[in-house]
Amino acid sequence: YYELPFKTARSVNQVAIVGAGSGNDVASALRNKAGHVDAVEIDPAIRDLGRENHPEHPYQDARVHSVINDARNFFRSTRTSYDVIVYGVLDSHIVVSHGANMRVDSFVYTKEGLLDAFDHLKSGGLMSVSFALPTPLMGEKVFRILKSLPNAGQPVAVLTGYDNDNTTTFMVSKAAAVNLPLAFMESHQLTDVTRSYMASSAKRLDLPTDDWPFFYLERKMYPETYLMLLALVLGIAFFLVRGLLPSQAWQPSMFSFFFLGGGFMLIETKAITELGLLFGNTWQVVGITIASVLVMAYLANIMAARLTRQILSLAFLGLLAILLVGYAIAINGSIPASDLPQRVLLVAILVGPLFFSGLVFSTLLKGTENISAAMAYNLMGAMLGGALEYNSMRFGFSSLYLIAIVLYGLA
């Protein structure tokens, strides 16, 4: 498995390995006379374990440049062109944070994600993607994406069985055919399964994109198990409220706080997802998001303390305007930001709705006498927003902007 891409490639002068881990792929590249290796790993602890304990000490080799970064963000920021690009078995099952249903590797296996890497491939260069397939349909997604890349040759698929019986390595060359090392494959019991992928007529698959990065879902859908659990949580919450507070009547004057809570939860979740594209899906994404939310809340409270209710109309207009700008960016694809001013501007657009909604919330809260009821309605609205966030699995993340606009309109 480790040797296959380097035995197949025409040249191994410039190599990029994403998901370098403890260094096995890196060591294989060096054994095959690689000239230079950019070894990209998201987890510094795993890299350090390899640096200290790998018997071949690949990270100590002068030809190796170790990079701690998200795979997607690395290809967005590098200007190097490569002879070989190797994706290790990047099937992480860790979510970005407790506030999102996104996996760390979600934006790696989208059409745009693999295209970002393919654009850094030299003519005749080879890109290899290995995956421990949970189902053959996931392999078909990878195969179809590689086949759709502009100027790509015919992809090949080789069953390697490294991580499990279904681990498969998919390879494609830029403007060239892939010539498999048949003698090497025979000696290592590797099986060419390209024909099965070429001939497959599986049912329709929705290929993952930056707007719908759900690689592990077969189609755009509402997973039944998710719907059942969400209905159960919302139902229990409703009956607990009515059971523990039977004398409390619904208070229409508090509905604004309810809908503000729903909109806030959607915007915060969306910010985590989109900032993952901007900064890479590392712990920094969550840190930047939380810091930005706190800054927006702080600024909103300062302004609300000095302004009267007449500011509400302007705050709602500002909220609508910035949501529409964010929606326009989302439906036209994510925008890579190469320098600090661009990144600051995009962060401001992504978390800006939190400032305007915070301004509305603080202004309304200042004018209410029943603070505890307002906070309770706001919290229940946040639960609704968390449930509505799963619409992204059916309609994509850009749809969350439209849902947030409706919620804020109701507020």
Quiz item: Extension gain Arg195-Asn164, at 0.36 nm per residue separation less the Cα-Cα distance, in nm?
Solution: 9.1 nm
Exercise. Pop the C-beta distance of Ala62 and Val344 into the FRET formula with R0 = 30 Å and round what comes out to the nearest 0.05.
Key: 0.25
Quiz item: Can you put Leu277, Leu229 in order of accessible area, largest first, using a 1.4 Å probe?
Solution: Leu229, Leu277
Practice problem: Compute the normalised compactness of the chain: alpha-carbon radius of gyration over 2.2 N^0.38 Å, N being the residue count. | Solution: 1.14
Self-check item: Hydrodynamic radius by Kirkwood, which averages 1/r over all alpha carbon pairs of the range 298-411, in angstrom
Solution: 15.5
Practice problem: Can you tell me the 0 to 90 degree angle between the C-alpha axis of helix 371-388 and the longest principal axis of the chain, rounded to 10? | Solution: 30
Quiz prompt | the range 146-284: equivalent-ellipsoid semi-axes (sqrt of 5 x gyration tensor eigenvalues, Cα, Å) | solution = 50, 19, 14
Quiz item: How many Å² of accessible area per residue for the chain, probe 1.4 Å?
Solution: 46
Practice problem: Would you calculate the separation in nanometres between label points at Ala175 and Val233, each defined as 7 Å from the Cα along the Cα-to-beta-carbon direction? | Solution: 5.0
Self-check item: Carbon + sulfur, % of accessible area of the chain - ligands and nucleic acids excluded, 1.4 Å
Solution: 62
Quiz item: Given Lys7/Lys33; Lys220/Lys270; Lys122/Lys147; Lys174/Lys220; Lys7/Lys174, which pairs have Cα atoms separated by over 21 Å?
Solution: Lys174/Lys220
Exercise. Report the equivalent ellipsoid semi-axes for the range 1-144 in whole Å, largest first, defined as the square roots of five times the eigenvalues of the gyration tensor built from alpha carbon atoms.
Key: 23, 19, 14
Exercise. Lys and Arg at +1, Asp and Glu at -1: add these up for the other residues within a Cβ distance under 12 Å of Ile349 and post the number.
Key: +1
Quiz item: For the chain, what does -39500 (n - 2.57) per DSSP helix run (n ≥ 4), summed and divided by total residues, give at 222 nm, in deg cm²/dmol to the nearest 500?
Solution: -16500 deg cm²/dmol
Self-check item: Exposure of Arg144 as accessible area (Å², to 10), given a probe of 1.4 Å and all protein chains
Solution: 80
Quiz item: Over what distance in Å are the Cα centres of the range 166-214 and the range 15-47 separated?
Solution: 22
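The values are calculated or read from the model by the stated rules, or taken from the named source; none is laboratory data. Source: prediction; values computed, not measured. With ideal geometry, Cβ positions are generated from the backbone for all residues, glycine too; neighbour counts draw on all protein chains shown. When the accessible area is computed, the model is the full protein with side chains, heavy atoms only, and any ligands, DNA or RNA have been set aside. Shrake-Rupley method; radii C 1.70, N 1.55, O 1.52, S 1.80 Å.
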